[in-house]
Amino acid sequence: MNKDLEVFGVEEKELKKEIEKVFYWLHRHPELSYEEHKTTDFLKEQLKAKEIKILDLPLKTGFVAEIGTGKQPIIAIRCDIDALPIKEETCLEYCSELNGKMHACGHDFHASTILGAAYLLKNCEKELKGTVRIVFQPAEEAPGGALDVLETKVLDDVQAMHGLHCSPLFDVGTIGIKKGAVTAAVDKFKITFKGKGTHAAHPNDGIDPIVAVSSFVSTVQTIVSRNMNPFSVALVSITHIEGGNTWNVIPETAFLEGTARTLTVSDRRKVKERIFEIAENVALANKTRAEVEWIAGPPPTDNDEKWCLFAKDIAKEVGLKVETTPSSLGGEDFAYYQEKIKGAFVQIGTGKSYPLHNPHFKVDPKALFPAATFFAKLVKKGLERL
Ligand code: NI
């Protein structure tokens, strides 16, 4: 028997087979954010078969399970379960059976890993020094599933919470762990410049919103290059512009939207302030009016230093190679939990592959077993530490 599994009393071969089976099923049946009904039912069935308690919560999709004493301390582990509207092009034997939907972000891997950890923890339930809540979160891609889980208050009495994302940058057997932010605050903005429509031959009779919108696009580039500290990380991208519909009419309005990404609260505030200032003043300079709509997404992730050190020790104990997670300006709604609960969000190497969200993306199922063992041990020893 694998020595890491001795504490859990589980046969390695048996466990591998079980979680791989779950992974293949999930991969074949991808469901989009807030539509994860079959996924939820399937995962619940697997846990119920092991007599793992499912908590009664007002979640339409996704759920929370519980193992342990039912008393303090409490550690939560979280996986997400939703897929993407992408047509799979991997030719895998277990490829998506639903045209136009795919687990292209590896959330099927996350769910099977955390399910495997749950099996292991159930097997040594009597030895647990507290409680573990296992969150199967819906709608990470939406994003907002994390907020739905938080709203149920099921995490109000939790002392630590850990999560994972698969990484196609790391080989199987490697784990990425880093304190602080590993993903960015993701904000979205939409701006409409309102002018006055007129004949293209008589611009003086109107107010041209196209000139205003163009001026905004170039001026907004100065936020990163001129306003931010050169050592900080910030990004502003304009990704969509619309204005007018023919060659000889100056339109009434012009529209643009884009995204701002930052890694700290103060940088996030500064970028937002500057976008509003530039919109207002560019509008004024061009005699237009700017209407700005700001849609705040998740904050940056914020990994706790102590839990990261602890996770590194556990990773080494189970034979994983520890690397530093490369920072990404992508978003991750696990960050909402980290505003309230300390913990570590780690990257599990699933073998080099096409990037996340690519139709050719795939994970190596060999990464499931070591990841499940890592999480089970992280929780078991974590409870002893608290
Ligand atoms: Ni993802």
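Out of all the residues in segment 260-282, is one or more touching a Lys or Arg at 6+ places or on another chain (Cβ under 6 Å) and not assigned by TED's automatic domain parsing to the domain that holds residue 381? Yes, the conditions are met somewhere in segment 260-282.
Of the listed requirements (1) farther than 30 Å from residue 369 by Cβ; (2) without any contact (Cβ under 8 Å) to a residue 24 or more places away in the chain; (3) among the acidic types (Asp, Glu), residue 293 misses just one: (2). Residue 254 meets the conditions (1) open to solvent by less than 30 Å² (accessible area, probe 1.4 Å); (2) out of contact with any Gly (no Cβ under 9 Å at 6 or more places or on another chain) in every case but one. The failed one is (2).
Among the residues making up segment 241-263, those that are in a loop (DSSP other than H, G, I, E, B) and either hydrophobic (A, V, I, L, M, F, W, C) or at pLDDT below 95 (or both) are 247, 263.
Quick one: would you say residue 162 is assigned by TED's automatic domain parsing to the domain that holds residue 341, within 14 Å of the ligand (Cβ to nearest atom), closer than 30 Å to residue 297 by Cα and open to solvent by less than 10 Å² (accessible area, probe 1.4 Å)? Here the answer is no, as residue 162 does not meet what is asked.
In the set (1) over 20 Å from residue 12 (Cβ atoms); (2) within 16 Å of the ligand (Cβ to nearest atom); (3) open to solvent by less than 10 Å² (accessible area, probe 1.4 Å), residue 358 fails one condition alone, (3).
Cβ-Cβ distances below 8 Å connect the following pairs, each with a first residue in segment 228-253 that is aromatic (Phe, Trp, Tyr), a second residue that is at pLDDT 95 or above, and a separation of six or more residues or different chains: 247/200. Pairs linking a residue in segment 40-60 that is closer than 18 Å to residue 126 by Cα and in the same structural domain as residue 126 (by TED's automatic domain parsing) to a residue that is assigned to a loop (DSSP other than H, G, I, E, B) and open to solvent by less than 70 Å² (accessible area, probe 1.4 Å), with Cβ atoms under 7 Å and 6 or more positions apart or on different chains, do not occur. Within segment 339-355, being within 16 Å of the ligand (Cβ to nearest atom) and not small (Gly, Ala, Ser) holds for 345, 346, 347, 348, 350, 354, 355.
Residue-wise test of (1) within 13 Å of residue 162 (Cα to Cα); (2) not basic (Lys, Arg).
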{"position": "331", "(1), (2)": "no, yes"}
{"position": "335", "(1), (2)": "yes, yes"}
{"position": "341", "(1), (2)": "yes, yes"}
{"position": "346", "(1), (2)": "yes, yes"}
{"position": "350", "(1), (2)": "no, yes"}
{"position": "353", "(1), (2)": "no, yes"}
{"position": "373", "(1), (2)": "no, yes"}
{"position": "380", "(1), (2)": "yes, no"}
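Inclusion of residue 64 among residues that are closer than 16 Å to residue 109 by Cα, of a type in the set (Val, Ile, Thr) and touching a Leu at 6+ places or on another chain (Cβ under 6 Å) is not warranted. On the given criteria, is residue 170 touching a residue at least 12 places away in the same chain (Cβ under 8 Å), aromatic (Phe, Trp, Tyr) and open to solvent by less than 10 Å² (accessible area, probe 1.4 Å)? It is false that residue 170 is touching a residue at least 12 places away in the same chain (Cβ under 8 Å), aromatic (Phe, Trp, Tyr) and open to solvent by less than 10 Å² (accessible area, probe 1.4 Å).
The values are calculated or read from the model by the stated rules, or taken from the named source; none is laboratory data. All values derive from a computational prediction rather than experimental measurement. Reconstructed Cβ throughout: ideal geometry from the backbone, glycine too, with neighbour counts over all protein chains shown. Heavy atoms of the whole protein, side chains included, go into the accessibility calculation; ligands, DNA and RNA do not. Shrake-Rupley method; radii C 1.70, N 1.55, O 1.52, S 1.80 Å.
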